[in-house]
1. Would you mind ranking ASP500, ASP87 by Cβ crowding within 10 Å, fewest neighbours first?
2. Treat the count of other C-beta atoms within 10 Å as a stand-in for reagent exposure and order THR218, THR436, THR290, THR262 from fewest to most.
3. How far apart, in nm, are the 7 Å Cα→Cβ label points at LEU278 and ARG80?
4. Using 32 Å as the Cα-Cα cut-off, could you pick out the over-long pairs in LYS184/LYS450; LYS339/LYS450; LYS75/LYS450; LYS159/LYS260; LYS150/LYS450?
5. Determine which residues of segment 340-369 fall in the zone a paramagnetic label at LYS511 would reach in this model, i.e. backbone nitrogen under 20 Å from the point 7 Å along Cα→Cβ.
6. Once amide H atoms are placed 1.01 Å from N in the peptide plane, what residues at a sequence separation of 5 or more from ARG162, or on another chain, have their amide H within under 5 Å of its amide H?
7. Which residues' amide hydrogens lie under 5 Å from the amide hydrogen of THR48, considering only partners 5 or more residues apart or on another chain, with H built in the peptide plane?
8. Quick one: 3J(HN,Hα) in Hz for segment 254-271, Karplus 6.51/-1.76/1.60 with θ = phi - 60°, rounded, Gly and Pro as x.
Amino acid sequence: MKRLIAASLALCAPFLFPFTASAASVDDAINEVMGPVTDAITSVIFWTVNIAGFSVPFVLIWLFFGALFFTVYFKFVNIRAFKHALDVVRGRYDDPNHQGEVSHFQALTAALSGTVGVGNIAGVAVAVSLGGPGATFWMIIAGLFGMSSKFVECTLGLKYRRQNADGSVSGGPMYYLRDGLAKKNMGGLGKVLAALFAVACIGGSFGGGNMVQINQATQQLISVTGGEASMFYGQGWIFGVVMAVIVGIVILGGIKSIAKVTDKIVPFMVGIYILGALWVILTNLGQVPTAFGRIFAGAFDTDAMYGGLIGVLIQGIRRAAFSNEAGIGSASIAHSAAKTDEPVSEGIVALLEPFIDTVVICTMTALVIVITDYGQFDAVTVFNNAQGGSLDAIGLTSSAFEQSISWFPGVLSLAVILFALSTMISWSYYGLKAWTYLFGETRAADLSYKAVFCVFVVVGSAISASSVFDFGDAMIFAMCFPNVLGLYFLAGEVKGDLTDYLNRVKSGEIKRFD
């Protein structure tokens with residue numbers, strides 16, 4: 001245990017000097033150390049290929065065509081199983097005797113809390129700025145196909161989960177890559193892919209799932225409390241300490257505690273956000289047909305395609321650790337804790353995530369921006385001012401809402417903070433399961449990870465070192481390479497399970513409780 005704690009402290013040490021030096025000097029020092037490492041990793045992960053004159057990151061092709069393949073291979077399970085998914089998440093097929101830690105609904109909200117957030121607010125603004133209204137169409141397409149990827153990975157996550165001695169469960173890509181491929185006599189490859197995924201997941205949990213989130217929340221808090229006149233200006237670490245305490249209290253209770261928080265925060269904040277968007281849409285009802293016309297007219301424009309696919313999946317939503325994470329594999333870690341002995345049922349529940357996250361919330365955000373004409377702002381300006389207090393990506397969306405609801409920017413700032421909190425606690429669970437996969441399901445491993453995670457909450461609130469944030473985002477995208485490769489090998493197994501499950505539902509063997 002002492003060695004593990006010492007290693008954990010060593011991991012934090014390079015980031016602890018925000019409290020002993022000026023913020024600017026710390027950022028410069030961290031960027032100088034981390035910059036070359038981040039550049040090397042991102043150049044590999046975001047390696048580009050030339051398609052029709054555009055440089056397209058290969059990771060985009062890997063994720064998009066994976067989602068397309070699974071949609072066709074599973075005969076559009078994203079559409080034909082949609083109604084059944086609603087029935088399952090409402091508890092109509094719940095069996096109290098099944099193993100697990102959380103309900104279908106809690107597993108869904110826990111996973112959603114890791115995806116619904118800044119990307120839905122800021123990423124969409126950047127995407128529409130890059131590609132015009134037509135980018136919205138490609139967001140919807142990407143979300144619909146992503147539902148199929150989410151179905152496959154979450155089915156496997158629950159199927160290969162492990163029951164621990166204390167009654168908790170551990171699941172996710174680490175386990176189905178290792179154990180699923182071992183069944184196909186590819187045990188060596190499975191272990192390598194599982195280890196690569198775990199390392200990337202840990203890095204992503206500290207970066208994109210933690211420091212990026214708290215940094216955005218801190219910037220919003222400073223903005224709504226007076227900007228340079230705010231008591232938090234230059235002292236964001238104070239807010240970081242408060243958030244670290246809250247996060248620590250929640251995550252010490254494990255997935256059950258996390259689910260009890262997310263099943264309240266997520267529906268509430270999503271509901272408030274959707275109501276705000278609906279109000280803007282309804283008060284500008286006469287402009288809605290024109291807005292949809294602009295969306296569909298621009299959908300196949302070259303700039304729109306570039307803005308929709310590249311802007312949403314890479315540039316815009318990268319600041320929110322990928323909008324719906326379909327193909328990333330993270331959500332399968334949360335869904336593996338669901339109370340069910342039917343893996344396919346949880347996979348079917350999981351396909352609702354990209355629909356809620358991208359098809360519903362992102363589309364509503366885009367409509368608000370298009371209706372109010374705030375998509376006209378240049379995306380480069382949005383990015384350049386992201387930390388400068390001018391019109392940043394979140395500010396663009398906020399200004400669009402403000403045209404119809406003068407007080408909504410304050411609500412939006414609160415939403416950003418709560419979404420950041422829910423994202424952090426979900427990603428702490430993802431990172432923890434990857435950590436304990438590598439270091440063992442021990443109390444020492446559990447506590448050491450949670451301690452490091454809370455330290456990084458404080459650090460992320462105090463620095464703005466771009467290299468650290470870029471590194472964290474790159475790690476999240478890196479998770480998709482071993483994950484999707486494993487899904488291809490295991491797709492046939494899931495297809496057989498899906499056919500068997502649907503036949504048993506149809507015959508009444510799987511009982512429905514109305």
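Read-outs throughout are calculated quantities, based only on the coordinates presented, and are distinct from any laboratory measurement. Treat the numbers as computed from the prediction; the structure is a model and nothing was measured. Please note: Cβ atoms are built from the backbone with ideal geometry, for glycine as well, and neighbour counts cover all protein chains shown.
1. Numbers: ASP500 11, ASP87 16.
By the 10 Å Cβ count, ascending: ASP500, ASP87.
2. Lowest to highest Cβ neighbour count: THR290, THR436, THR218, THR262.
3. 3.2 nm
4. Check vs 32 Å cut-off fails for LYS184/LYS450; LYS75/LYS450.
5. Of the residues in segment 340-369, 340-346 have backbone N under 20 Å from the label point off LYS511.
6. Here the answer is SER170, GLY171, since their amide H atoms fall under 5 Å of that of ARG162.
7. PHE58
8. The phi angles translate into x, 4, 5, 5, 4, 5, 5, 7, 5, 6, 10, 5, 4, x, 5, 6, 5, x Hz.
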